[in-house]
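K.L.:
Below is one structure. I have some questions about it.
The values are calculated or read from the model by the stated rules, or taken from the named source; none is laboratory data. Only a predicted model underlies this, so the values are computations on that prediction, with no experimental measurement involved. When we count neighbours, we look across all protein chains shown, and the Cβ atoms used for this are built from the backbone with ideal geometry, even at glycine.
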Amino acid sequence: MLKLVKKAQKGNDKAFLKLFQTYEQDLYRIAFVYVKNQTDALDVVQETAYRSFKAIKSLSEPNYFKTWLIRIVISCSLDLLRKQKKVIQLKPELTEDLSTELNFDIDLKMTLNDLIEQLEENEKSVVILKYYYGLTFKEISETLDVPLGSAKTVLYRAVGKLRESMKGADFYE
Amino acid sequence: MSNKIQKEINKIDIPKELSERSKLGISQAKQEMHTEKPANHIKRIGLVGALFAVVSLIIILNQTSLNHFSKEDTDPIVMLASRPSYTLWELAHEAEIIANLTVTERVEVLEANQDEQIIQELSVFKASVNHYLYNELGYDHEIKIIQPGGPNGIDAENPLLKIGESYILFLVSREDSNLEDNLDIIGGPYGRYNKVGDRYVRQLSPKVGSASSSLTEAELIERLNQHNEDLKIDLSQLE
């Protein structure tokens, strides 16, 4: 893969396409979680391909290609939502320092719909990076460019919401 | 939790047009990147350095030879070149593409010159790929190959590819943006096997080493797979 990244950095579009297509399905699914429909998710992937190829020269560490792409797809998704004014004003972050021992387990009844509909954009980012990609909090904070404590706080809140959502579902059953 | 999230996200269906949209984004970027660059003259001054880096071919013509370029009805000058040799092992590790192909057309002849004393003709050939032995970058079945040499000057060890002839070539994509759609033959004559009857004869073999310079395609594939296990060339494609 490193060889392909280096080639792409020299402007080789075929090498870049080969790399990009390795991750395009993942990128599409991430975009879908944010924008909630196929048309917009495809637009986001196209924009991600466009932006990432234009910026590939700036990628200093080829080993981080995948997380770099994830960062771009999240950014493109948020930009699209902003354009459509669908980004909800985020609540102020919790300020308390959460320990690493927090319980992030969640009821296994969680559905895709809960993930898409119940979480705010920054919560989706942390949940996806943590649970879909298995990144550490340190990696999440680097990928999203947020303090490590904030990443934990946001995840804690997201998990809480999903848990609440489960209760609600149970209540109406 | 992790498995559950993965399972849920993986339920999102992938639309058929996804790959096309990726390609579209990349081609838009490529187009803009080209227009953002200063205009290149197709005589592509400055290109010569990059070309020589690939084939390490240095041809310096004296003034007499330069005068020759202006005459149209003369035989091409046969030039001497120095280049590093390439073993089959090196070809097996450096090739991005290994193709069995037939040359169909000479598309154009370019001239690259750094100054008045150094001129290089470059022929661009179109080829139809009969089959790929290895195709790392997913090229189509019609490709363009660039080879040093032209009507006025040819390389003694690496005569120009012939239209209608078949070859097995070891290729790499170009790293300069001027001619990036064209492919280079690795090591010039070292990366070229000419089809002669049912065998493939290497244009130029390294002086050291025992590798035979005349092989059937199946024998060549077997050797390549031995040299580089990652290639995994399927012998059954020849059946």
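K.L.:
Can you tell me how many residues within the range A:53-105 are within 14 Å of chain B (Cβ to nearest Cβ) and modelled with pLDDT under 50?
P.N.:
4
K.L.:
Okay, next question. Given A:Tyr64, A:Tyr34, which one is free of Cβ contacts under 8 Å to residues at least 12 places away in the same chain and of a type outside the set (S, T, N, Q)?
P.N.:
Step by step, each of A:Tyr64, A:Tyr34 is checked, and only A:Tyr64 is free of Cβ contacts under 8 Å to residues at least 12 places away in the same chain and of a type outside the set (S, T, N, Q).
K.L.:
In addition: Hey, any hits in the range A:2-19 for a residue that's polar (S, T, N, Q), at the interface with chain B (Cβ under 9 Å from one of its Cβ atoms) and not in a helix (DSSP H, G or I)?
P.N.:
Checking the range A:2-19: at least one residue is polar (S, T, N, Q), at the interface with chain B (Cβ under 9 Å from one of its Cβ atoms) and not in a helix (DSSP H, G or I).
K.L.:
Could you please find all residues in the range B:1-34 being basic (Lys, Arg), within 7 Å of chain A (Cβ to nearest Cβ) and part of a helix (DSSP H, G or I)?
P.N.:
B:Lys4, B:Arg21, B:Lys23, B:Lys30, listed by residue number.
K.L.:
Can you find even one residue in the range A:148-155 that is surrounded by 15 or more Cβ atoms within 10 Å (Cβ to Cβ), at pLDDT 75 or above, in contact with a Leu (Cβ under 6 Å, 6 or more places away or on another chain) and of a type in the set (D, E, K, R)?
P.N.:
Within the range A:148-155, one or more residues are surrounded by 15 or more Cβ atoms within 10 Å (Cβ to Cβ), at pLDDT 75 or above, in contact with a Leu (Cβ under 6 Å, 6 or more places away or on another chain) and of a type in the set (D, E, K, R).
K.L.:
Say we look at the range B:8-51 and pick out the residues that are of a type in the set (S, T, N, Q) and exposed (fewer than 13 other Cβ atoms within 10 Å of the Cβ); which of these is modelled with the highest pLDDT?
P.N.:
B:Gln31
K.L.:
Working only within the range B:192-217, note down all residues that are surrounded by fewer than 17 Cβ atoms within 10 Å (Cβ to Cβ) and in contact with a helix residue (DSSP H, G or I) (Cβ under 6 Å, 6 or more places away or on another chain).
P.N.:
Of everything in the range B:192-217, just one residue is surrounded by fewer than 17 Cβ atoms within 10 Å (Cβ to Cβ) and in contact with a helix residue (DSSP H, G or I) (Cβ under 6 Å, 6 or more places away or on another chain), namely B:Ala211.
K.L.:
Restricting to the range A:30-63, count the residues that are crowded, with 21+ Cβ neighbours inside 10 Å, farther than 25 Å from B:Tyr139 by Cα and of a type outside the set (Ser, Thr, Tyr).
P.N.:
The qualifying residues number 7.
K.L.:
Moving on to the next point. Among the candidates B:Ile143, B:Ile163, B:Ile168, single out the residue that is modelled with pLDDT of 90 or more, over 25 Å from B:Leu80 (Cβ atoms) and in a loop (DSSP other than H, G, I, E, B).
P.N.:
B:Ile163
K.L.:
So, one more: With respect to B:Asn3, determine if the residue is polar (S, T, N, Q), modelled with pLDDT under 80 and over 30 Å from B:Leu160 (Cα atoms).
P.N.:
Yes; evaluated as a whole, the condition is true for this residue.
K.L.:
Closer than 20 Å to A:Tyr133 by Cα and facing chain B (nearest Cβ under 8 Å): is that true of A:Val35 in this structure?
P.N.:
It is false that A:Val35 is closer than 20 Å to A:Tyr133 by Cα and facing chain B (nearest Cβ under 8 Å).
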